[in-house]
Amino acid sequence: MFKKIIFASFIFTFSSNLYSEAEFKTEQEMIIPERYKVGIFKESELLVNDLQSFNENFRLIPQVQKIDIKNGFGVSYNDVKGVYLVNLKKRPVMDGILDGLSLVNKPTKGMICLELKDDLNIPSDEGYVLDIESGKIFITAKTQAGLFYGLQTLKQLMEDSRDESIPIPSCSITDYPTIPYRSVLLNFMRHLDKPKYYYDLIDRLASIKINALILEYTDKIRYKNAPVIGVPEAMSIDEYAALSRYAHDRNIEISPLVQGLGHVPYILKHDEYKSLRDDSNSDLVFDPLNPKTYDLQFSLYDDALAATPYGKYLHVGGDEVEGLGKSVLSKASGKTPFELQMYWLKKATEYASSHHRIPIFWDDMMLKHTGLWETTVDKNMNPLEIYKLWNQNRHLLDENISLFPKNCIYNRWDYSSSKILGNQLAIDWYKSQNLKVIGATSSQPGTALMPRKHSNFQAMKNFCQISTEKRMDGIICTVWDDWPVHFETVMRGSYDFALLSWNYSDISDNEAHKRFRHRFYAPALAPDSCEFQNLLEEALSFWDIVLTKKSRRASYLRLPNEIDLIDLPDQKNPGQWSLQYKAKLKLVDNALNQYTEIKSRIDCTMSLAKRNIYAASVMNQINELQNYSTKLLLLLREYDQSGIGEKQHAKELISNYVDSFKGIRSQFIGVFGKSWLMKQPVDYDATQFDQLLQNTDNNTDWMYVYELCMNKKIAKWISLVP
């Protein structure tokens, strides 16, 4: 084990790029772990030659490919003084803990020496070799990208050296990614964050070696060629281009996703474009045979490319195009839906290629048109049945191979069950036809407020394993905002994705999330006793159902008058309500205990965290919101079971508690609003077939629609109860 240099006093170093210590410091007494209390340290204890000790004290994300611990003294955080460029004209971006280091003229002790070597024996241009020995640091790579990633590893080592007051041992690290393209996809369909937040996000993703972002703009960009589509609060093309340049300097390539063919209500809802509908009664799908479809779509592509000047790709969407072929032109053509889909893809691909972009295309419709889709998603399908279907239907793919553009990348997406045989057979088919295929997993596949299943860890791990074993060209981690998800709630999933896609290993979610807490918050928060996010996920599973009879809060698709809220107690039949909701009430006490435990752990996190305190504050507000419904159920139970003489007091408690929701809501808005643009524009026009609650209000009511509806119901009930 490393022997740690002990602090004479416990020092808090908050380094969030967005939010100051004063904004989130709690009044709770600071909890000081034993290892940070005053102690004695001997110089001989600085030496280490144990890989296990290294891994316990320096939890790197992602894990490096190879590390050799050497004898001798390494370097400590306080020893690093400057940067020496061996043969570089310009140094890579050095921010965070490396910010402020000056350039020097010779490679003395305490210097970071950066060198480019064309003949470096490493299997990736993003790879590097990091050597630390006798107070000197050497980073060697083939490219600037490799040097940048070597610096990210060094930053993490220096963070731990500073935070735990331990030296970085003498070592040699050889590192490189096994999956070349590692992208996070941000969907802006439902909300937009403040521009400053995206810059901070890029810094964090770059630090864990994510090398790409795909931005699905929808109507959150001010299109010059079709200004009616972009909402007033949208970012401009120039603002997105500036973000792209910032990302490029940090080895993150931003490419756009502009939905095509399907998923276009945000376009076809406008009167100007209704003539481009495939079905005149639906704003879901473009008419693929109307030439004006491409005039409009390509004009949007033009703007999207201008907004991403360093992008290599153009994601054209193309998924979930249901009911294609209803237009007059489509019917007259005699083309099948499959042929219409591929005709559109050919046109989109030709545009991308002529503008020096590589198109990426969601692939589900080809599998649906050939009867193979179920083999990729049905977990209960017998492998023999899957093989049978592929043997029967594969010829439909083979015979139409001429319709598949060769210069397109086919995006095989699966957010829960990528190890299903049909999914793997689909990947194998692409590769057998020399078509490029990348995967897509998700850190938020579709639950209210937060991801579940430990940040969807196992599903993500499975697809990263498949992508590694099948030597796929890349993998995307999607973040869908159809649910009121704050990006801080998916940061753990993003770190998991970085961990598994750079250097896949059979790591457990417990170990991965211990590594996450160490890296994201502070080393002191690595122990299992500090894990709160899994507990919050469990609590939200009860919150999903606590106020409803049968439905779940899986999404925000329902309008308020469709919510099946629970009944309220009847004074004339005391105890009947408690019997009616006996199953729910059995879970109430446990839910309240969970809330208390989660709050305690979050408070501890906010006390000990050295970075990313804002993330913990977001989780804290989610915990407060979910607890409101549980406590409300408890008060209703007390009313139902109270005696006649106690009913009035119980009713007053319920009334006062309902009034307190204004404060919970205000706090929630206050925290979320530090990064979110909280409101839709006043004149926002919800699409015909996309009536999500957040698209129907110009305030934040949709985020607590169940609570607000229940509060309204209770207010009426109180007024009628004697």
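Using mean Cβ contacts within 10 Å as the protection proxy, how do 344-350, 354-360 order, highest first?
Those peptides, ordered most packed to least, come out 344-350, 354-360.
Helix-derived [θ] at 222 nm for the chain: sum -39500 (n - 2.57) over DSSP H runs of at least 4, divide by residue count, nearest 500?
Estimated from H runs of four or more residues: -12500 deg cm²/dmol.
Compare the peptides 613-621, 585-593 by average per-residue count of other Cβ atoms within 10 angstrom and give them in order, highest first.
613-621, 585-593
Between Leu608, Asn623, Leu635, whose Cα lies farthest towards the positive end of the dipole of the chain when Lys and Arg beta carbons carry +1 and Asp and Glu beta carbons carry -1, centred on the Cα centre?
Checking the options against the dipole of the chain, the answer is Leu608.
What is the distance, in nm, between label points placed 7 Å from the Cα along the Cα-to-Cβ direction at Glu374 and at Lys106?
If labels sit at Glu374 and Lys106, their model points lie 7.6 nm apart.
Assuming R0 = 45 Å, what is the FRET efficiency of Asp249 and Ala583, from their Cβ-Cβ distance, to the nearest 0.05?
Once rounded, the FRET efficiency stands at 0.20.
Using a simple charge model, +1 on the beta-carbon of Lys and Arg, -1 on the beta-carbon of Asp and Glu, nothing else, what dipole does the chain show about its Cα centre, in debye to the nearest 20?
Around 500 debye, computed over the chain.
Mind giving me the nanometre distance, one decimal, between the label points for Glu638 and Ser402, set 7 Å out from Cα along Cα→Cβ?
For Glu638 paired with Ser402, the spin-label model returns 7.6 nm.
Using a cut-off of 13 Å between beta-carbons, work out the net charge of the residues near Glu652 (Lys and Arg +1, Asp and Glu -1, Glu652 not included).
After counting each charged neighbour, the total is -1.
Taking the highest mean first, how do the peptides 296-304, 109-117, 271-279 order by number of other beta carbon atoms within 10 angstrom per residue?
Ranking the peptides 296-304, 109-117, 271-279 by packing returns 296-304, 109-117, 271-279.
Could you tell me what percent of the accessible area of the chain is made up of carbon and sulfur, with a 1.4 Å probe and every protein chain present?
On the chain, the fraction of accessible area on carbon and sulfur atoms equals 50 percent.
Over the chain, give the accessible area per residue in Å² for a 1.4 Å probe, as an integer.
Heavy-atom accessible area per residue stands at 40 Å².
Below 30 Å Cα-Cα, how many Lys pairs turn up in the stretch 522-622? Only count pairs eight or more apart in sequence, or on different chains, if you could.
Taking the stretch 522-622 as the scope, the lysine pair count is 17.
At 10 °C and a viscosity of 1.306 mPa s, what translational diffusion coefficient does Stokes-Einstein give for the chain, taking Rh as the Kirkwood radius over Cα pairs? Give it in µm²/s as a whole number.
Rounded, D is 57 µm²/s.
Can you bin the stretch 160-229 into rounded, prolate or oblate? Criterion: square roots of the alpha carbon gyration tensor eigenvalues sorted a ≥ b ≥ c, rounded for a/c under 1.5, prolate for a/b above b/c, oblate for the rest.
Prolate, because a/c is 1.5 or more and a/b exceeds b/c.
Once you keep just the Cα pairs under 8 angstrom separated by 6 or more residues, what percentage relative contact order results for the chain?
Once divided by the residue count of the chain, the mean separation gives 13 percent.
Find the Cα radius of gyration of the stretch 533-629, compare it with 2.2 N^0.38 Å by division, and give the number to two decimals.
So the Cα radius of gyration is 1.30 times the expected 2.2 N^0.38 Å.
If you place +1 on the Cβ of every Lys and Arg and -1 on the Cβ of every Asp and Glu, how big does the dipole about the Cα centre of the stretch 613-657 come out, in debye to the nearest 20?
The calculation lands at about 40 debye.
Any aspartates and glutamates with Cα under 19 Å of the Lys651 Cα? List them, leaving off those in the same chain fewer than 8 positions away.
Straight-line reach from Lys651, under 19 Å: Asp567, Asp570, Glu638, Asp640, Asp659, Glu707.
The values are calculated or read from the model by the stated rules, or taken from the named source; none is laboratory data. All figures in this text were calculated on a predicted structure; none of them were measured in a lab. Here Cβ is always computed from backbone atoms with ideal geometry, including for glycine, and neighbour counts include all displayed protein chains. Heads up: the accessible areas ignore ligands, DNA and RNA and are worked out on the full protein's heavy atoms, side chains in. Shrake-Rupley method; radii C 1.70, N 1.55, O 1.52, S 1.80 Å.
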